[in-house]
Amino acid sequence: MQQSVAPHLQQFLDYLNFQKRYSRHTITSYQNDLTAFFDFLLTQFGETQITEVKTTFVRSWLAELKEQGMESKSINRKISTLKSFFKYQLRQQTIAVSPMTAIISPKVNKRLPQFVDKKDVTTLLTDVEFPDTWAGKTDELILHLFYNTGMRQAELSGLKETDISQSNATIKVLGKGNKERIIPVSNQLIQKMLDYMQDKRKVLEAFDKTILLVTASGKKLYPRYVYSTVNKYLAMVTTIDKKSPHVLRHSFATHLMNNGADLNAVKELLGHSSLAATQIYTHNTIEKLKDIHKKAHPKA
């Protein structure tokens with residue numbers, strides 16, 4: 001990283017952290033993108049002040065990323081990072097003109113989110129036998145929580161015991177931007193969580209007293225553990241390409257939409273900031289209707 005850029009970068013990251021209140025993961029992504037960009041400038045154009053960054057420099061970097069085989073979606077994220085960074089520099093009056101003004105994001109082919117068929121989810125949650133171990137108990141609750149709430153992986157890992165309300169049958173989730181939302185759940189799921197908390201105190205000698213889900217050593221679940229769990233069990237019931245926690249989130253939303261749920265309600269349950277992000281699930285619903293029509297209508 002160029003020494004002349006470092007203070008401006010740190011000031012921007014502090015702004016994202018303390019004013020925008022972005023998650024640590026998001027801030028790290030911004031930092032990595034900006035570090036890679038300024039390292040590229042140093043290699044290609046030598047020591048470059050913030051005020052000397054030109055649109056052509058940015059285009060050169062984006063062209064190299066494209067040549068390396070990076071997908072348009074990932075390139076767009078890096079463009080978004082640079083736009084946010086230079087917009088902040090404009091507000092700080094560090095620069096007079098942003099080099100991002102003439103940068104156009106490449107088009108991304110929208111792909112419908114993959115989801116697990118309803119019958120396969122039923123098989124997963126009712127017929128699959130989980131080992132009678134602490135890992136087995138944890139894995140089963142992970143899958144039930146993902147499908148019944150549609151929460152994100154980081155939200156699930158961060159769930160606290162105090163976020164569970166037995167009287168209201170709800171879970172409080174801390175989402176992106178530290179925004180809280182309340183998700184209603186079934187009494188059966190509430191009971192599963194209460195049983196899990198009770199077993200935790202019987203089975204484990206030491207554990208994190210605040211976090212709901214923990215490993216056999218009593219520690220907070222790490223991302224790879226959660227991903228591997230979901231991937232392993234989904235592989236038992238479905239042949240879809242992606243078998244990740246996010247696929248269960250997509251399944252939650254798609255099944256709600258297919259059963260006639262209101263789009264705004266689904267938006268609130270998912271914790272989306274805008275309706276545009278939720279509308280993609282209406283496309284899955286339309287595709288299902290097309291499939292039903294094709295199979296059932298004599299003139300289809």
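Each reported figure results from applying straightforward, stated rules to the coordinates on display, with no laboratory input. Everything numeric in this text was worked out from a predicted model, so none of it was measured. Positions of Cβ are generated from backbone atoms using ideal geometry, with glycine treated the same way; all protein chains shown enter the neighbour counts.
The table below lists the values:
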| quantity | calculated |
| --- | --- |
| Nearest 10 degrees, 0 to 90: helix 223-234 Cα axis against the chain principal axis | 50 degrees |
| Only Lys, Arg (+1) and Asp, Glu (-1) charged, at Cβ; the chain dipole about Cα centre in debye | 740 debye |
| 27 Å Cα-Cα reach of K295 towards lysines, excluding residues that sit fewer than 8 places from it in its own chain | K110, K118, K119, K242 |
| Relative contact order (%) - criterion: Cα under 8 Å, at least six apart; region: segment 118-296 | 24 percent |
| Spherically averaged projected area in nm², based on the convex hull that wraps the Cα atoms of the chain | 20.2 nm² |
| Backbone HN-Hα couplings from phi across segment 12-26 [Karplus 6.51/-1.76/1.60, Hz, Gly and Pro as x] | 5, 5, 5, 4, 5, 6, 8, 9, 7, 6, 6, 6, 4, 4, 5 |
| Length added when fully stretched, T28-D262, from 0.36 nm per residue minus Cα-Cα | 80.7 nm |
| Relative contact order %, the chain, counting alpha carbon pairs below 8 Å whose residues are six or more apart | 17 percent |
| Additional length obtainable on full extension of the chain from S4 to F130, 0.36 nm per residue less Cα span | 39.8 nm |
| Average projected area [Cα convex hull, segment 66-216], square nanometres | 14.4 nm² |
| Net length gained if the chain between K294 and Y15 were fully extended (0.36 nm per residue, minus Cα distance) | 95.1 nm |
| Paramagnetic reach from K220 in segment 152-183 [backbone N under 13 Å; point 7 Å along Cα→Cβ] | 154-161, 174 |
| Equivalent ellipsoid, segment 6-91 (semi-axes from 5 times Cα gyration tensor eigenvalues, Å) | 21, 16, 11 |
| Rounded tilt (10° steps) of 187-203 against the dominant C-alpha axis of the chain | 90 degrees |
| Within segment 66-99: backbone nitrogen closer than 16 Å to the T51 label point (7 Å, Cα to C-beta) | 89-99 |
| Among the listed pairs K78/K232; K20/K267; K137/K160; K54/K176; K73/K172, those beyond 25 Å (Cα-Cα) | K78/K232; K54/K176; K73/K172 |
| Aspartates and glutamates whose Cα lies under 20 Å from that of K209, excluding same-chain neighbours fewer than 8 positions away | D139, E155, E161, D163, D195, D199 |
| H283-S80 pseudo-label distance in nm [points 7 Å out on the Cα-to-Cβ vector] | 1.6 nm |
